[in-house]
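First the structure, in the form of structure tokens, and then the observations on it.
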Amino acid sequence: MHEMSLTEKIYRLVLTEAKAHGAERVTKITISIGELSGVAADSVEFYFRMLAKGTMAQDAILEFNRVSARLFCIYCEKEFNKVARDFFCPDCGNLGRLTAKGQECTIESIEVD
Amino acid sequence: MEIKIAQDLFENEAKLADANKERMKQRGLMAVNIMGTPGAGKTAIIKNTARLLKIPMSVIEGDPASSIDTDLLKTIGIPAYQINTEGICHLEAKMVAKALDEFEVPPRSILFIENVGNLICTASYPLGEALRIVVVGASEGDDKPFKYPDIFQTANAVILNKMDLQAAVDFNLERFYKGIQSLHNKLPVFEVSCKTGKGMESWVNWLAVQVATFWAR
């Protein structure tokens with residue numbers, strides 16, 4: 001969701017960082033996407049290819065790390081890993097709260113020449 | 001050569017929201033982000049609150065298109081400013097910042113920010129609000145907290161509107177509360193009917209206390 005404006009941010013940030021380090025080409029971009037962030041990696045890839053065409057980042061490989069969500073049960077007072085399609089605490093069955101882990105979209109690093 | 005960046009792309013939204021928050025605080029504006037499904041009754045809640053609570057209030061309206069809500073509010077004497085998001089499914093902090101540049105809001109008043117009808121994206125975009133209210137209608141089903149935990153867990157209060165329809169739509173209150181209570185130890189839930197007026201007093205009294213507390217800080 002909202003991948004167009006998100007990818008524009010990625011593109012601008014990558015180019016700024018690459019230029020700041022005097023690079024000529026961006027060869028790789030590593031991005032972490034939380035499973036609950038609503039961000040679709042293939043949409044990011046699609047928009048990035050459009051934006052980067054003819055620029056120093058046009059051949060950059062986009063590597064996506066998927067970050068599993070951690071939820072928090074307010075009754076058991078502990079975090080648990082979210083399993084597929086299920087937000088319920090494995091110990092008491094109550095609905096878990098979202099934590100920051102699993103909602104992020106982070107540019108981790110880039111590789112340049 | 002590897003360049004470490006470690007930049008969360010959603011971080012900037014929080015910064016923009018904080019800037020709005022500070023700006024509104026300086027003017028004594030208590031911003032209330034009203035979120036909820038399309039048609040849950042967000043505008044009706046604002047309309048009825050204005051009728052019952054004798055505190056100056058203004059509204060920033062967010063919709064993908066039209067000025068229907070803004071026109072309605074202005075007709076009943078509530079200053080309102082329309083943001084048309086042109087298809088974007090939520091309000092963002094920078095849209096609110098622009099509205100604050102253009103909309104004259106009297107200091108020491110309540111500023112309702114009626115968000116785009118949407119239970120998903122609105123939860124992820126802080127606007128700089130002092131209060132987050134989620135409005136859902138009984139006709140939407142009692143399972144909303146289970147399906148949309150994010151927006152419910154970040155709410156300061158929930159308004160359950162259209163209670164006059166509860167029996168007609170088989171809304172199971174116990175199930176609804178089970179979902180809410182899984183996410184919160186104590187979250188005020190106001191069961192209301194904008195149509196009949198039932199329950200509105202409790203909501204308005206609670207809001208009045210929040211406003212007083214906000215201005216006392």
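The values are calculated or read from the model by the stated rules, or taken from the named source; none is laboratory data. Bear in mind that the values here come from a model prediction, so they are computed numbers and not experimental data. Don't worry about glycine lacking a Cβ; one is built from the backbone with ideal geometry, like all the others, and counts go over all protein chains shown. Ligands, DNA and RNA are stripped out before the accessible areas are found, and what is left, the full protein with its side chains, is counted by its heavy atoms. Shrake-Rupley method; radii C 1.70, N 1.55, O 1.52, S 1.80 Å.
Taking segment B:6-58 as the range and being within 14 Å of another protein chain (Cβ to nearest Cβ) and of a type in the set (A, V, I, L, M, F, W, C) as the test, the residues that pass are B:Ala6, B:Leu9, B:Phe10, B:Ala14, B:Leu16.
Taking into account only those residues within segment B:58-76 that are of a type in the set (Val, Ile, Thr) and touching an Asp or Glu at 6+ places or on another chain (Cβ under 8 Å), which is surrounded by the fewest Cβ atoms within 10 Å (Cβ to Cβ)? So, considering only residues that are of a type in the set (Val, Ile, Thr) and touching an Asp or Glu at 6+ places or on another chain (Cβ under 8 Å), the one surrounded by the fewest Cβ atoms within 10 Å (Cβ to Cβ) is B:Thr70. Taking segment B:134-152 as the range and being open to solvent by less than 20 Å² (accessible area, probe 1.4 Å) and farther than 21 Å from B:Lys15 by Cα as the test, the residues that pass are B:Val134, B:Val135, B:Val136, B:Gly137, B:Ala138, B:Asp142, B:Pro145, B:Pro149, B:Phe152. The residues in segment A:54-113 that are more than 23 Å from B:Leu183 (Cβ to Cβ), more than 7 Å from every other protein chain (Cβ to nearest Cβ) and touching a Lys or Arg at 6+ places or on another chain (Cβ under 9 Å) can be counted, and the count is 9. Filtering segment B:89-109 for residues that are within 14 Å of another protein chain (Cβ to nearest Cβ) and open to solvent by 60 Å² or more (accessible area, probe 1.4 Å) leaves a non-empty set. Note on segment B:177-195: among residues that are within 21 Å of B:Gly141 (Cβ to Cβ) and over 19 Å from the mean Cα position of the chain (by Cα), the one that is surrounded by the most Cβ atoms within 10 Å (Cβ to Cβ) is B:Ser182.
The requirement of being of a type outside the set (Asp, Glu), crowded, with 19+ Cβ neighbours inside 10 Å and under 30 Å from B:Lys25 (Cβ atoms) is fulfilled nowhere in segment B:165-176; no residue meets it. When you check B:Lys162 against the structure, is it more than 14 Å from the chain's Cα centre (by Cα) and within 14 Å of chain A (Cβ to nearest Cβ), yes or no? Spelling it out, it is not the case that B:Lys162 is more than 14 Å from the chain's Cα centre (by Cα) and within 14 Å of chain A (Cβ to nearest Cβ). Considering segment B:77-88, and only residues there that are open to solvent by less than 40 Å² (accessible area, probe 1.4 Å) and among the hydrophobic types (A, V, I, L, M, F, W, C), the residue that is farthest from B:Ile120 (Cα to Cα) turns out to be B:Ile78.
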